Amino acid sequence: MLVQRRRFLQLAAGAVALPAISRLANAQDYPNKPVRIITHSAPGGAPDALLRIVGDGLSKIWGQQVVVLNNPGAGGAVAARAAAGAAPDGYTLYMPASSAFVTLSGLQPNLPLNVPKDFLPVGFVGEQPFFFCVAPSLGVSTLAEFFARAKSKPGEITYAATGRGTLSHLAGEALQEKAGIKLLMVPYLGGTAQALNDVISGRVPMVIDGYSSLAGALQGGNIKALAVGSTKRLPEFPDVPAAAELVPGFNSRGWLALVTPLGTPEAIVRKLNADLRAAVTDPATKEKLLLTGNYAIPMTPAELLDFINAEQQMWKPTLENIAKNP
């Protein structure tokens, strides 16, 4: 009888251990098929460019194709719901623009955008300081001249952003608050590529976005960079002043983070974090990132969660101001 009981307990323990062993085996084999990454960024935008560089790095590590799914509809709601509803097996990931976690979750509280309630944090991908650029027809060549022009025409100068509540919109609002000027935001839901035609023609004299979206127009002399939103000048763009030189403490950038649907096995999350870190610190990938104005900052899942919470608190006053003055 005692032998039978001992045998039963051994079998029971083995049965309990089987799911854990299976999950570990799955993580070791992961991925063994293409991985999809959902984003609400439009094709050709700065976040999309960063995602594709990193996706290429992950593809080389995994030996599997990384498929980018652009779902910019409904201000990001389509992408959020698709990602949250995906199977938590590591084969559908979510890498939206930073506004998904910072502003969209506040503007549309019913969306599944809470980390870690709806998604598990994986790792930080990179940040892209915003460039504040103007059309030559505006007739200003420095940020100080732009402020002077804006103060002489309060509410008359427009700027292009990638949508209401996006980080480029918040960057414009924060600049107004700190500089004591009044601008009018024009949303371009199709992304900066769509906005550039109006900016170059002078119909909308200013645009705010990451370098990768603006590179062609900047290099062609169609627009001029007045400042970059980093706290100091970027080594790759030494001739572009930091906005903080004129507006102390100003810091504005977009960023991308990788998350996965709630329920994804911990072993797969750990592997994703390690592989993401390897991808963004690979010398070839890192060079591509720097050339497009992107900067890799590896983080653990816990560090990413703290970072998202800090960003939400930092931008809360600006969001409240937008809500009061739509």
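The values are calculated or read from the model by the stated rules, or taken from the named source; none is laboratory data. Keep in mind that this is a model prediction, so the values were computed, not measured. Neighbour counts run over all protein chains shown; Cβ positions are idealised from the backbone, glycine included. Calculation scope for accessible area: heavy atoms of the full protein, side chains included, ligands and nucleic acids excluded. Shrake-Rupley method; radii C 1.70, N 1.55, O 1.52, S 1.80 Å.
Value of Rg to Rh for segment 220-278, rounded to two decimals, is 1.24; Kirkwood radius and Rg both from alpha-carbon coordinates.
Summing +1 for each Lys or Arg and -1 for each Asp or Glu, what net charge is found among the other residues whose Cβ lies under 14 Å from the Cβ of VAL207? Net of charged neighbours comes to 0.
Probing with 1.4 Å while keeping every protein chain in the model, the per residue accessible area of segment 29-81 equals 40 Å². What is the sum of charges, Lys and Arg at +1 and Asp and Glu at -1, for the other residues whose Cβ falls under 12 Å from the Cβ of ALA242? It works out to a net charge of +1. Solvent exposure of segment 216-310, expressed per residue, is 45 Å² of accessible area, with all protein chains present and a 1.4 angstrom probe.
Approximating the spin labels as points 7 Å out from Cα along Cα→Cβ, the ALA302-to-GLN65 distance works out to 3.9 nm.
What full-extension length gain, to one decimal in nm, is calculated for LYS153 and GLN28 as 0.36 nm per residue of separation minus the Cα-Cα distance?
Values: separation 125, 0.36 × 125 = 45.00 nm, distance 6.12 nm.
Extending this stretch completely gives an extra 38.9 nm.
For the chain, the equivalent ellipsoid derived from the alpha-carbon gyration tensor has semi-axes of 43, 20, 16 Å in decreasing order.
The label point for ARG277 and the one for LEU262, both projected 7 Å from the Cα toward the Cβ, are 2.7 nm apart.
Which residues does the label zone of LYS232 cover in segment 101-129, counting backbone N under 17 Å from a point 7 Å along Cα→Cβ? Those under the cut-off are 129. Among the DSSP helices (H) of the chain, those spanning at least 27 angstrom by Cα along their long axis with an average Kyte-Doolittle hydropathy of 0.0 or more are 2-29; this is a geometric and hydropathy rule only.
Measure up LYS117/LYS324; LYS60/LYS286; LYS60/LYS288 against 21 Å on the Cα-Cα distance and list the ones that go over. All intermediate terms of the calculation are to be shown ahead of the outcome.
On the way: LYS117/LYS324 28 Å; LYS60/LYS286 14 Å; LYS60/LYS288 15 Å.
Distance filter (> 21 Å) returns LYS117/LYS324.
When the solvent-accessible area of the chain is split by element, carbon and sulfur atoms take up 56 percent of it, the probe being 1.4 Å. Summing Lys, Arg as +1 and Asp, Glu as -1, what charge do residues with Cβ under 13 Å from the Cβ of THR292 carry, THR292 excluded? Net charge in that neighbourhood comes out at -3.
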